[in-house]
Protein chains: 4
Amino acid sequence: MSPLNRQQQLDQIRDERREQIKQAALKIFARRGYTGTKTSMIAKEASISEGLIYRYFNSKEELFITLVEELMEEAKRELKYVGYLPGTPFEQIRTLTKNMLDDNNMYAFMLMERARTADDVPDKVTQIFEEATNVLIDPIIPIFVKGQESGEFSPGEPRKMLSWYFTIINSLLTQEKIDEEFGLPDADVLIRILTN
Amino acid sequence: MSPLNRQQQLDQIRDERREQIKQAALKIFARRGYTGTKTSMIAKEASISEGLIYRYFNSKEELFITLVEELMEEAKRELKYVGYLPGTPFEQIRTLTKNMLDDNNMYAFMLMERARTADDVPDKVTQIFEEATNVLIDPIIPIFVKGQESGEFSPGEPRKMLSWYFTIINSLLTQEKIDEEFGLPDADVLIRILTN
Amino acid sequence: MSPLNRQQQLDQIRDERREQIKQAALKIFARRGYTGTKTSMIAKEASISEGLIYRYFNSKEELFITLVEELMEEAKRELKYVGYLPGTPFEQIRTLTKNMLDDNNMYAFMLMERARTADDVPDKVTQIFEEATNVLIDPIIPIFVKGQESGEFSPGEPRKMLSWYFTIINSLLTQEKIDEEFGLPDADVLIRILTN
Amino acid sequence: MSPLNRQQQLDQIRDERREQIKQAALKIFARRGYTGTKTSMIAKEASISEGLIYRYFNSKEELFITLVEELMEEAKRELKYVGYLPGTPFEQIRTLTKNMLDDNNMYAFMLMERARTADDVPDKVTQIFEEATNVLIDPIIPIFVKGQESGEFSPGEPRKMLSWYFTIINSLLTQEKIDEEFGLPDADVLIRILTN
DNA sequence: AATGAATGAGGATTCATTCAT
DNA sequence: AATGAATGAATCCTCATTCAT
């Protein structure tokens, strides 16, 4: 095997391992919160030794912050594209809502919500959310306004209505233990909050 | 002072202290979750020494479970009275919703919600909620059905709609850090979920 | 017991405990260096639990730094008084030398010397010594010069000669395992370095 | 290339690598002590991977012991030749002193001294020094006695005077951080200890 | 009843050592 | 022979709980 390949191979291992740790951490942090998550749990979930975590992250805190930052970036990216989705404003926001409720994103939103909500997280995380609240809502405002103008959405201060709407969705996602019988509410029901 | 009075006085001190500890614990558990709460924080909030907690509760776990049980009992009691509130079913449920969102009850609901959703709580608490879910919704179902019949509420499986509705309200209450600008959503907006 | 007495009693316990920990730490740090000293060793030497150390010092590092700082202060204080000792400059410096070699001060000098010498100490300690080197020698210089003038001491740049002299004494003190047969060199022999 | 040459080549690589590791280890152990030295530091100083150390030494402990033993052997060898150096006993011992203080030998003496004085070294090392103390001094005694007889050295129990003298020199060598301005004391000043 | 000093089990983190490549 | 990823025992530190006063 050529030296180049060898290096590539190691890089790949590192990338995979890092990803593996982040996935495991995401799952546990989302369910048990920052303090409730023990590094041993993350190691077990990732099927690695506890020590290995520290070759990839300097501390539990750094791991947590990294997760929050990356998820936040991704969220921002996604929200920018809502305006380019097909359909009316109502349909665009319904699609966004559906995506948020999707199983694949669930842990991410749960973690974000816990991170935003809980008082036992690193200060830096608190900061990130203080700075970012509007960043998430701003790109949706023009869409919502267009929907109000066309009568699809009910009147009301747009920023306020959207803040409430996303607060509800986010907080829903925090819950791992959703009612087993009925699961999470439909996007169709949730969007009623905006339509009256 | 007679021995009896003396005894009564001591009992009263004990009751007051116990209540004081519970109030402090409620506040901190609600904000920081079970693991995130240190007994030292509770002691500080209650302005007592750390050791004193253990004259009133055998352990942090027992204190937490006691809180959850008592709050649960209270919730059950309140729900039974919804049917006797004045007004139409819609108005009754709106009043209930308002009460739940009220500042005075907030910590209680926050704690309950955290207790219900988090994975880092004592097993016993998990059990309590597994057994109790329906207990909370059942007494409201007939009211909701009446509202559907009178056209105040939109159609749909009652247990499902109410489960979603309360899931939303509960999950909202988890959030200590509500948007500072807008606060929690109005009961009037939330109830749209049931009315369409 | 009056509340005041109670408070005094607690203060005394705290003072004693703190002193006890410092004494134990001094002994172990002096012999095993910073890294070689485990908190468990300090606890054992002080006959307390490992955890208790942390009610008195925030970290092993803080404990070490505290020791160094306090010993340094004491050293400075003592050196100021050398000029007021009875006798000629030669006799004054011989007395100082004897004091330094005294068993009671030994651990203190050993620790200081290790702290000054080793590369595995907290940065702050390195700084302290960088700033302090001259502070220790300066008050002795005039005494030495007087001795040179009177012919008691051999000629040579005073700061240089004294720097060498104290380097030797300090470094001697680092050694716990002194030759069992002969012990540390006499002050009378050491002072030859200055007299020729 | 013949198999033999191939083998020789490999042997040579092995020897070089082993030497390289020992040199690096010497430098770090000398400065940071046994416990304060991490294998990763040695690897970095030797510009090799951490794992490679273990193809040449079974453990950090073995590496340390090996160093001490080899340096000790070398020291013994050198001391034997002091009597054959040119000049009077005084001049012979001054030359020895100069050699000891020489930069090239410095790390070796530093390590030896740390190994001798510190309490955090493997037991075997402690033993080596317990057995060897006299070995170092013995060959110098007749030289010193000759010097006393000729009046070059001051009177006094020879073993005692030499023990003190070498204790001083050794302990000086422990110090990596010598006063930057003046460096280590001259051999000419040190030897005053023996001359009065 | 109340305090706060003390304990020790458990959690985060480090580092000597092993192992697959 | 050499690398560096991986392990886990040992270390520093925290915190629920106990105990002397």
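From the set of residues in region A:112-150 that are under 20 Å from B:I193 (Cβ atoms) and not acidic (D, E), which is surrounded by the fewest Cβ atoms within 10 Å (Cβ to Cβ)?
This residue is A:Q148.
Keeping to region C:137-160, report how many residues are in contact with a helix residue (DSSP H, G or I) (Cβ under 6 Å, 6 or more places away or on another chain), assigned to a helix (DSSP H, G or I) and either farther than 14 Å from C:K80 by Cα or in contact (Cβ under 8 Å) with a residue 40 or more places away in the chain (or both).
So the count comes out to 8.
If the Cβ limit is 9 Å and pairs must be 6+ apart or interchain, which residue in region D:117-135 that is assigned to a loop (DSSP other than H, G, I, E, B) pairs with which residue that is surrounded by fewer than 17 Cβ atoms within 10 Å (Cβ to Cβ) and not charged (D, E, K, R)?
So the pair list comes out as D:D119/D:T126.
Do we have any residue at all in region B:164-172 that's more than 9 Å from chain A (Cβ to nearest Cβ), among the small types (G, A, S) and surrounded by 18 or more Cβ atoms within 10 Å (Cβ to Cβ)?
no
Answer yes if at least one residue in region D:174-182 is within 12 Å of chain C (Cβ to nearest Cβ), among the aliphatic types (A, V, I, L, M) and in contact with a Phe, Trp or Tyr (Cβ under 7 Å, 6 or more places away or on another chain), and no otherwise.
There is no residue in region D:174-182 that is within 12 Å of chain C (Cβ to nearest Cβ), among the aliphatic types (A, V, I, L, M) and in contact with a Phe, Trp or Tyr (Cβ under 7 Å, 6 or more places away or on another chain).
Is there a residue being modelled with pLDDT of 90 or more and surrounded by 15 or more Cβ atoms within 10 Å (Cβ to Cβ) anywhere in region C:79-88?
Yes, region C:79-88 contains a residue that is modelled with pLDDT of 90 or more and surrounded by 15 or more Cβ atoms within 10 Å (Cβ to Cβ).
For region C:3-15, enumerate the residues that are of a type in the set (D, E) and more than 10 Å from DNA strand E (Cβ to nearest atom).
C:D15
Write out, first by first residue and then by second, each pair whose Cβ atoms fall under 6 Å of each other, whose residues are 6+ apart or on separate chains, and whose first residue, in region A:60-82, is within 18 Å of A:L101 (Cα to Cα) while the second is within 16 Å of DNA strand F (Cβ to nearest atom).
none
Any idea which of (1) within 14 Å of chain C (Cβ to nearest Cβ); (2) under 30 Å from D:Q148 (Cβ atoms) is the one D:M41 doesn't satisfy?
Result: D:M41 fails condition (2) only.
A quick yes/no check of all residues on (1) under 20 Å from the mean Cα position of the chain (by Cα); (2) assigned to a helix (DSSP H, G or I); (3) more than 14 Å from chain C (Cβ to nearest Cβ); (4) more than 16 Å from DNA strand E (Cβ to nearest atom):
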{"position": "D:R17", "(1), (2), (3), (4)": "no, yes, yes, no"}
{"position": "D:A24", "(1), (2), (3), (4)": "yes, yes, yes, no"}
{"position": "D:Y34", "(1), (2), (3), (4)": "yes, yes, no, no"}
{"position": "D:V68", "(1), (2), (3), (4)": "yes, yes, yes, no"}
{"position": "D:E73", "(1), (2), (3), (4)": "yes, yes, yes, yes"}
{"position": "D:R77", "(1), (2), (3), (4)": "yes, yes, yes, yes"}
{"position": "D:G83", "(1), (2), (3), (4)": "yes, yes, yes, yes"}
{"position": "D:P86", "(1), (2), (3), (4)": "no, no, yes, yes"}
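When you look at A:D186, is it among the acidic types (D, E), surrounded by fewer than 21 Cβ atoms within 10 Å (Cβ to Cβ) and either more than 14 Å from every other protein chain (Cβ to nearest Cβ) or without any contact (Cβ under 8 Å) to a residue 60 or more places away in the chain (or both), yes or no?
So A:D186 passes the test.
Here is a yes/no grid of residues against (1) at pLDDT 95 or above; (2) more than 24 Å from A:K124 (Cα to Cα); (3) away from DNA strand F (no atom under 12 Å from the Cβ):
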{"residue": "A:R18", "(1), (2), (3)": "yes, no, no"}
{"residue": "A:K22", "(1), (2), (3)": "yes, no, yes"}
{"residue": "A:T35", "(1), (2), (3)": "yes, no, no"}
{"residue": "A:M41", "(1), (2), (3)": "yes, no, yes"}
{"residue": "A:S47", "(1), (2), (3)": "yes, yes, no"}
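Determine, yes or no, whether D:E73 is exposed (fewer than 12 other Cβ atoms within 10 Å of the Cβ), over 30 Å from C:T126 (Cα atoms) and within 14 Å of DNA strand F (Cβ to nearest atom).
So D:E73 does not fit the description; no.
Only one of B:F64, B:F109 is under 30 Å from B:F144 (Cβ atoms) and aromatic (F, W, Y); which?
B:F109
State yes or no: is B:E61 in contact with a Pro (Cβ under 6 Å, 6 or more places away or on another chain) and either within 14 Å of DNA strand F (Cβ to nearest atom) or at pLDDT 95 or above (or both)?
Working: in contact with a Pro (Cβ under 6 Å, 6 or more places away or on another chain): yes; either within 14 Å of DNA strand F (Cβ to nearest atom) or at pLDDT 95 or above (or both): yes.
Yes.
Mind listing whichever residues of region D:40-66 are within 11 Å of DNA strand E (Cβ to nearest atom), under 19 Å from C:R32 (Cα atoms) and crowded, with 17+ Cβ neighbours inside 10 Å?
D:K60, D:F64
Conditions tested, residue by residue: (1) more than 8 Å from chain A (Cβ to nearest Cβ); (2) closer than 28 Å to B:E62 by Cβ; (3) under 17 Å from the mean Cα position of the chain (by Cα).
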residue: B:L111; (1), (2), (3): yes, yes, yes
residue: B:D119; (1), (2), (3): no, yes, no
residue: B:D123; (1), (2), (3): yes, yes, no
residue: B:N134; (1), (2), (3): yes, yes, yes
residue: B:P142; (1), (2), (3): yes, no, no
residue: B:N196; (1), (2), (3): no, no, no
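The values are calculated or read from the model by the stated rules, or taken from the named source; none is laboratory data. This is a predicted model, so every value here is computed, not measured. Glycine gets a Cβ as well: all are built from the backbone with ideal geometry, and neighbour counts include every protein chain shown.
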